[in-house]
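Take a look at the structure set out below.
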Amino acid sequence: MITRACISINNSCNLNCAYCHFHTPDKALFLDDVYMDVYKILDNIKSHIDKYSIKVFKLGFVGNGEPLLDYEALKGYIEHISDYLSDGRIAAYTITNGTLITEEMLGFFKVHKVNVGFSIDGIPEIHNKWRCGTHNKVMNAIELYHSVNSSYPSMNCTVCRDTLDRVDDTIAFFEPFGSRITFSRMIGNGGISLNEFHNFISKAQERLNVRTGSYDCTMYGGMCGAGINNIFYANGNVYLCGNCVDLPVIADSSVPLENIDPDLPLFDRKQCYREIQQL
């Protein structure tokens, strides 16, 4: 049963990170700005929660672009599900590159119980190489979050070949924050294998609060959940996940969740379904 979804509210970003897998040439053809009724999606999600008495539905406003470029629209979407957020039936989050966040935004997210994660790739030498030299700006945003919330935010770090050369430095960077860290495996050029990634995760778990999961995503150290419990909305369509926008569409975005059936063949869920298709 579907118990989690991501909604890509735009295809735009104010950065041009070197490793971004959403904007590689083979996927750019699938990122046309097509109208998508996000309010209809949210209504379908609420109906799905009610029909199946789902205790917590995890919903991410993340995807192909930087969500805060469309902050006013994002506010409307969050307000549309405010009753489900307040009673905990929806656990919502967004992930930002940290360059656009303001105190007003952080206050709104806090009131509505929306978790805000920041993308930061550890030490400046690695982050600035891959993420457009934005380390100082993101660190200032993280401190602003701390001033509003009296705690540090969850953080997302992409693990690449450079990271494996600076494992101890990367782990040491995150230790003082005491927050939950999601490590993502870089794919494509500069990427690393699943075995290399799992070895890194094992070391990081000794000192950090690291996100791991069961049927979630192999990019985050879990099992591939494609076709089981999560879906990805973008460009008016439903996809298996955010890494699969160049694979066949599984439904129109207006379709009720109970009618979405990917019907995938059996495969080794320790492997990424998208990467298996490339073999």
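Within the range 67-82, the residues that satisfy the criterion of being among the hydrophobic types (A, V, I, L, M, F, W, C) and outside any loop (DSSP other than H, G, I, E, B) are Leu68, Leu69, Ala73, Leu74, Ile78.
Checked against (1) aliphatic (A, V, I, L, M); (2) touching a residue at least 40 places away in the same chain (Cβ under 8 Å); (3) outside any loop (DSSP other than H, G, I, E, B), Ile101 passes all but condition (3). Can Val238 be described as assigned to a strand (DSSP E or B) and more than 29 Å from Phe174 (Cα to Cα)? Here the answer is yes, as Val238 does meet what is asked.
Only residues that are under 18 Å from Cys224 (Cβ atoms) and either touching a Phe, Trp or Tyr at 6+ places or on another chain (Cβ under 8 Å) or among the basic types (Lys, Arg) (or both) were counted across the range 179-190, and they come to 6.
Residues that are part of a loop (DSSP other than H, G, I, E, B) and among the small types (Gly, Ala, Ser) within the range 243-279 comprise Ser253, Ser254, listed in sequence order. Taking residues in the range 9-37 that are assigned to a loop (DSSP other than H, G, I, E, B), and partners anywhere that are modelled with pLDDT under 60, the pairs with Cβ atoms closer than 6 Å and at least 6 places apart or on different chains are Asn11/Leu31.
Quick check on the range 155-172: of everything there that is surrounded by fewer than 20 Cβ atoms within 10 Å (Cβ to Cβ) and in contact (Cβ under 8 Å) with a residue 40 or more places away in the chain, which residue is nearest to Ile123 (Cα to Cα)? If we take residues in the range 155-172 being surrounded by fewer than 20 Cβ atoms within 10 Å (Cβ to Cβ) and in contact (Cβ under 8 Å) with a residue 40 or more places away in the chain, then Asp169 is nearest to Ile123 (Cα to Cα). Scanning the range 56-75 finds one or more residues that are touching a residue at least 60 places away in the same chain (Cβ under 8 Å), surrounded by 17 or more Cβ atoms within 10 Å (Cβ to Cβ) and on the phi > 0 side of the Ramachandran plot. Within the option set Ser184, Ser119, being within 30 Å of Arg89 (Cβ to Cβ) and modelled with pLDDT under 95 holds for one residue only, Ser184. Residue check: is Gly133 surrounded by fewer than 15 Cβ atoms within 10 Å (Cβ to Cβ), farther than 21 Å from Arg274 by Cα and in contact with a strand residue (DSSP E or B) (Cβ under 8 Å, 6 or more places away or on another chain)? Considered against the rule, which asks whether it is surrounded by fewer than 15 Cβ atoms within 10 Å (Cβ to Cβ), farther than 21 Å from Arg274 by Cα and in contact with a strand residue (DSSP E or B) (Cβ under 8 Å, 6 or more places away or on another chain), Gly133 comes out as no. Taking the range 116-128 as the range and being surrounded by 16 or more Cβ atoms within 10 Å (Cβ to Cβ) and out of contact with any helix residue (DSSP H, G or I) (no Cβ under 7 Å at 6 or more places or on another chain) as the test, the residues that pass are Gly117, Ser119.
Consider the range 212-235 and keep the residues that are part of a loop (DSSP other than H, G, I, E, B) and hydroxyl-bearing (Ser, Thr, Tyr). The one that is surrounded by the fewest Cβ atoms within 10 Å (Cβ to Cβ) is Ser214. Test each condition in (1) closer than 24 Å to Ala18 by Cα; (2) of a type in the set (A, V, I, L, M, F, W, C); (3) not in a helix (DSSP H, G or I) for Ala91 and report the one that comes out false. Unmet for Ala91, out of (1) closer than 24 Å to Ala18 by Cα; (2) of a type in the set (A, V, I, L, M, F, W, C); (3) not in a helix (DSSP H, G or I): (1).
Return the residue satisfying two criteria in turn: it lies in the range 202-211 and is surrounded by 16 or more Cβ atoms within 10 Å (Cβ to Cβ) and under 18 Å from the mean Cα position of the chain (by Cα), and of such residues it is farthest from Gly222 (Cα to Cα). Filtering the range 202-211 for residues that are surrounded by 16 or more Cβ atoms within 10 Å (Cβ to Cβ) and under 18 Å from the mean Cα position of the chain (by Cα), the one farthest from Gly222 (Cα to Cα) comes out as Val210.
The values are calculated or read from the model by the stated rules, or taken from the named source; none is laboratory data. If you're wondering where the values come from, they're calculated on a predicted model, not measured in any experiment. No Cβ is skipped: glycine too gets one built from the backbone with ideal geometry, and neighbour counts run over all protein chains shown.
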